[in-house]
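Chemist: If you scroll down you'll find the structure; I have some questions about it.
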Amino acid sequence: MNPTTEPVFTTTVQATSTSPAIEATGELDLDAAPIPALRAAPALTTGPPRTILITDLAGVTFCDSSGLNALLRAHIATERAAGPFTWPTPPTRWRDC
């Protein structure tokens, strides 16, 4: 993280007929860690009953332990509330670690 600029982390929720999909981009670090859980809850409770939450992390350029912890918390909350929390395809740079 560059101290002179704020890292940008954004999420976009897109509803499909069967499940919401959250698309994340940017740096998922300590500053952005609360965002995944904050976006997951409304995505699951708005509209028709949801059974799965799709989280697209392909646009995430950096993720530290705070970000991983946030994803884990969102995963647990999703499974308790509605059902599976899934990542369609983890970013290549994450799989190769």
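The values are calculated or read from the model by the stated rules, or taken from the named source; none is laboratory data. Being a predicted model, the structure only gives us computed values, none of them experimental. In this analysis, Cβ positions are derived from the backbone assuming ideal geometry, glycine residues included, and neighbour counts consider all displayed protein chains. What goes into the accessible areas is simple: the full protein's heavy atoms, side chains included, and nothing from ligands, DNA or RNA. Shrake-Rupley method; radii C 1.70, N 1.55, O 1.52, S 1.80 Å.
Chemist: If I take R0 = 22 Å and measure r between the Cβ atoms of Glu79 and Val13 in this structure, what FRET efficiency does the formula 1/(1 + (r/R0)^6) give, to the nearest 0.05?
Modeler: Values: r = 18 Å, r/R0 = 0.83.
Plugging the Cβ-Cβ distance into 1/(1 + (r/R0)^6) gives 0.75.
Chemist: Leu53 accessible area, nearest 10 Å², 1.4 Å probe?
Modeler: So the heavy atoms of Leu53 present about 0 Å² to solvent.
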